[in-house]
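Here's the structure, in structure tokens; my notes come after.
FYI, it's all coordinate maths here, none of it is from the lab. Not measured: the values here are computed from a predicted model. Heads up, the Cβs are rebuilt from the backbone with ideal geometry, glycines too, and the neighbour counts pull from every protein chain shown.
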Ligand code: C5P
């Protein structure tokens with residue numbers, strides 16, 4: 001058992017996948033199940049942290065003993081995470097956030113005869129929530145991002161991760177191999193944790209709960225902040 005090494009820490013975790021509405025019945029989404037974020041919330045609570053779970057369309061039940069904040073779109077997730085982050089020590093962005101959303105949300109169902117054989121959709125960029133948190137002053141002491149890369153080559157994935165941690169300005173990046181049979185919507189996971197310099201500080205392969213504990217170990221080793229914003 002891990003003990004209570006996160007007692008007194010206030011941790012915000014985003015989990016699941018956002019949905020960006022096109023019309024009253026359709027959305028753009030992704031295949032994130034929320035399992036890894038839920039496992040992080042469960043593990044953090046078990047280790048004594050006070051956990052806020054910002055949850056976008058979880059396919060698994062949320063753990064007991066966490067403060068659950070349900071959201072749907074990327075903009076809703078941003079508002080919920082930023083509000084919770086104001087009094088948090090740690091933010092872990094495990095959610096799969098849509099990079100783009102439809103430029104307009106139609107009041108009525110889009111009809112197939114209005115577009116013809118090719119339907120063009122205008123999308124606008126969503127804010128990068130992780131990068132925004134990392135730039136904020138003051139900001140949570142530890143900010144952790146995820147990167148779900150599909151490249152088969154481990155060296156190429158690592159290089160993409162190194163670039164991403166620098167671009168986003170987060171403290172740690174969990175690099176996750178994602179494919180049709182691995183990562184999203186599966187029970188187990190295979191990850192490495194990079195620090196700000198892009199160096200590997202921990203790695204894990206196994207259940208999403210054991211991977212969660214490996215990520216939390218890195219946060220414990222990063223130390224306890226002695227001040228709060
Ligand atoms: O750039 P990419 O989408 O691969 O980055 C993934 C990381 O950034 C995840 O931690 C995700 O939660 C976060 N993210 C975000 N806002 C976005 C897109 C991704 O915070 N608009």
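Annotations for the structure displayed:
- Calculated [θ] (222 nm, deg cm²/dmol) that DSSP helices of n ≥ 4 give over the chain, each run adding -39,500 (n - 2.57): -8000 deg cm²/dmol
- C-alpha center-to-center spacing [the stretch 53-78, the stretch 1-23] in angstrom: 8
- Helix axis angle, 154-168 relative to the chain longest principal axis, alpha carbon, degrees: 90
- Three-way shape label, the stretch 116-221, alpha-carbon gyration tensor, a/c 1.5: oblate
- Given R0 = 22 Å, the distance between the Cβ atoms of residue 125 and residue 68 translates into a calculated FRET efficiency of 0.20.
- Distance between the 7 Å Cα→Cβ label points at residue 112 and residue 5: 5.6 nm.
- Legend: Rg and Dmax of the chain, from Cα coordinates, 17.9, 61 Å.
- Helix 208-221 axis versus longest C-alpha principal axis of the chain: approximately 50°, rounded to the nearest ten.
- Sorted peptide list for 118-126, 135-143, 43-51, criterion being average Cβ within 10 angstrom, highest first: 43-51, 135-143, 118-126
- Cα long-axis angle, helix 35-46 against the chain (0 to 90 degrees, to the nearest 10): 30
- Cα shape, the stretch 14-90, gyration tensor, a/c 1.5 rule: oblate
- Exposure proxy ranking for 18, 186, 73, based on other Cβ atoms within 10 angstrom of each Cβ and starting from the fewest, stands as 186, 73, 18.
- Across the stretch 3-89, Cα pairs under 8 Å and at least six residues apart give a relative contact order of 36 percent.
- Distance between the 7 Å Cα→Cβ label points at residue 87 and residue 150: 4.1 nm.
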